[in-house]
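Heads up, the thing below is written out as structure tokens.
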Amino acid sequence: MSGVRVAGTGLTPFGNAPERTSRDLFAEATQTAFEESGVPRADVEAVFYGNFMGELAEHQGHQGPLMAEAAGVQAPATRYESACASSGMAVRDAVMRVRNGEHDVVLVGGAERMTNLGTAGATEALAIAADDLWEVRAGMTFPGAYALMAQAYFEEFGGGREDLANVAVKNHDNALTNEKAQYQTAISVEEALDAPTVSSPLGLYDSCPLSDGAAALVLTSEEYADEHDLDAPVAITGTGQGGDRMALHDREHLARSPAAREAGTEAYADAGVDASDVDLAEVHDCFTIAEVLAIEALDLAQIGEGISAARDGRTTADGDVPINLSGGLKAKGHPVGATGASQIAEVTKLLAGTHPNSEHVADATTGLAHNAGGTVASATVHVLEVME
Ligand SMILES: CC(=O)SCCNC(=O)CCNC(=O)[C@H](O)C(C)(C)COP(=O)(O)OP(=O)(O)OC[C@H]1O[C@@H](n2cnc3c(N)ncnc32)[C@H](O)[C@@H]1OP(=O)(O)O
């Protein structure tokens, strides 16, 4: 089976760009990815594109061929939709299709336009990733859903808002050097605790923002990378996917993330590594409690101990396993359809030594990316490794 190299990565700045269309954003991200890779567009054999709510945000469906065109590529193209895990799923399919020998070069990525909807409009649009009959019609929003998870976690394991504030402070600190991040600003625990409540116990700084942005990756087979002498030292060596019931009332535990555990278990086995090999991870911190649940599900923290990991410095930039060195969704931003591919881009650069925060993980050889959909009813995990 062939390994899959990350030959090039491209990100737009994440943030407020309500005047830009997603095709415009994707064109920018792909331009950077092609330049970085040295791979000609003519060699691309397929396009895998993630987007969640293009129909609602810009009245645009059928985005696969549209985005191939925006990228200047003539190749079959497919759009993937799995809520906030849309481009993570696109990466997973792309990896499998390169591995099985179907393709040598593929373009993968995603984009989302959100801020043109405003907060109320975006909240309503995002809610379609929850169960419409049982949750959305009863008033469920995503901040509300994750607030329920935080309450359940505090009841079962203890901890509180100050622990979550430490997750936000860490991720804002990490974003200080990330020129593409939406918030390159430090915050204090006190500022986080004093911020307006969004859905109790979660406040403004427990939440990811609304963001516009795009991410792109050029992936190649190992053979293509070798034959073309590409500077592509990082490979995706493990991929996994997990799922869960949609409605929260059907879940056994609100303070667990079984879809992430299933995806992680599969990805670790696929790569032939385990959690103790992971030197750094980008996990889906759409809300601070989501980071806590993710690191526990991925065995990067013991069950019940994820809540104190940031406060105790275990997941900070110089901790045992730095989490979200990019700033995470919290501070880097979360243009939903772009997030999964952007996490792969960040881990690639961190491992290759080309990320501003690589200095914190100079000896790292193994990284992980975890991308979650909705209330983690879907999840993907990828393991990336530096090749000899
Ligand atoms: C599986 C998943 O991924 S689910 C997650 C899907 N995504 C979401 O649910 C998005 C969650 N976030 C939100 O809905 C919004 O960002 C909210 C509700 C937290 C804040 O929205 P609003 O209250 O309308 O904030 P508004 O846009 O007016 O901004 C007010 C100020 O707060 C800042 N701000 C807004 N959101 C955030 C944030 N998440 N973190 C830090 N600062 C923020 C703005 O920059 C602005 O600052 P300024 O006054 O200095 O210019």
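The values are calculated or read from the model by the stated rules, or taken from the named source; none is laboratory data. Values in this document were obtained by computation on a predicted structure and should not be read as measured data. Neighbour counts are summed over all protein chains in view; Cβ atoms, including those assigned to glycine, are modelled from backbone coordinates with ideal geometry. Just the protein is used for accessible areas: all its heavy atoms, side chains included, with ligands, DNA and RNA removed. Shrake-Rupley method; radii C 1.70, N 1.55, O 1.52, S 1.80 Å.
From the list E262, E227, E266, E282, the lone residue that is among the charged types (D, E, K, R) and open to solvent by less than 10 Å² (accessible area, probe 1.4 Å) is E282.
Determine, yes or no, whether E222 is away from the ligand (no atom under 15 Å from the Cβ), more than 24 Å from I303 (Cα to Cα) and open to solvent by 10 Å² or more (accessible area, probe 1.4 Å). Spelling it out, E222 is indeed away from the ligand (no atom under 15 Å from the Cβ), more than 24 Å from I303 (Cα to Cα) and open to solvent by 10 Å² or more (accessible area, probe 1.4 Å). A residue that is in a helix (DSSP H, G or I) and touching a strand residue (DSSP E or B) at 6+ places or on another chain (Cβ under 9 Å) occurs nowhere in region 239-248. P196 falls short on exactly one of the conditions (1) in contact with a Gly (Cβ under 7 Å, 6 or more places away or on another chain); (2) away from the ligand (no atom under 11 Å from the Cβ), and that condition is (2). Among residues of region 373-388 being more than 14 Å from the ligand (Cβ to nearest atom) and of a type in the set (A, V, I, L, M), the one that is nearest to the chain's Cα centre (by Cα) is V381. Of all residues in region 71-97, those that are within 15 Å of the ligand (Cβ to nearest atom) and either among the hydrophobic types (A, V, I, L, M, F, W, C) or closer than 20 Å to R5 by Cα (or both) total 6. Set side by side, the residues A120, A71, A111 differ, and just one is over 15 Å from T21 (Cα atoms) and aliphatic (A, V, I, L, M), which is A120.
Comparison of H370, H334 shows that the only residue that is assigned to a loop (DSSP other than H, G, I, E, B), within 16 Å of the ligand (Cβ to nearest atom) and at pLDDT 95 or above is H334. Among the residues making up region 186-219, those that are open to solvent by less than 70 Å² (accessible area, probe 1.4 Å), touching a residue at least 40 places away in the same chain (Cβ under 8 Å) and in a loop (DSSP other than H, G, I, E, B) are P201, C208, P209, L210, S211.
Scanning region 160-169 for residues that are away from the ligand (no atom under 14 Å from the Cβ) and open to solvent by less than 70 Å² (accessible area, probe 1.4 Å), which turns out nearest to H360 (Cα to Cα)? Checking each candidate, the answer is N166. Of all residues in region 102-131, exactly one satisfies the criterion of being open to solvent by less than 40 Å² (accessible area, probe 1.4 Å) and polar (S, T, N, Q), namely T115.
Every residue, every condition in (1) within 14 Å of the ligand (Cβ to nearest atom); (2) touching a Gly at 6+ places or on another chain (Cβ under 9 Å); (3) under 18 Å from E291 (Cα atoms), yes or no:
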site	(1), (2), (3)
Q184	yes, yes, no
E190	no, no, no
L204	yes, no, yes
P209	yes, yes, yes
A216	no, yes, no
V234	no, yes, no
T237	no, yes, no
L254	no, no, yes
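May I ask you to list the residues in region 231-259 that are surrounded by 18 or more Cβ atoms within 10 Å (Cβ to Cβ) and aliphatic (A, V, I, L, M)? Matches in region 231-259: A232, V234, A235, I236, M246, L248, L254, A255, A259. Of all residues in region 272-285, those that are assigned to a helix (DSSP H, G or I) have Cβ atoms under 9 Å from Cβ atoms of residues that are surrounded by fewer than 19 Cβ atoms within 10 Å (Cβ to Cβ) and of a type in the set (D, E, K, R), 6 or more apart or on another chain, in A275/D299; S276/D299. Residues in region 364-381 that are surrounded by fewer than 24 Cβ atoms within 10 Å (Cβ to Cβ) and closer than 13 Å to A90 by Cα: 0 in all.
Quick check: anything in region 28-46 outside any helix (DSSP H, G or I) and within 15 Å of V336 (Cα to Cα)?
Checked region 28-46: no residue is outside any helix (DSSP H, G or I) and within 15 Å of V336 (Cα to Cα).
Write out, first by first residue and then by second, each pair whose Cβ atoms fall under 8 Å of each other, whose residues are 6+ apart or on separate chains, and whose first residue, in region 39-67, is of a type in the set (K, R) while the second is at pLDDT 95 or above and surrounded by 15 or more Cβ atoms within 10 Å (Cβ to Cβ). Filtered contacts from region 39-67: R41/F34; R41/A71; R41/V73.
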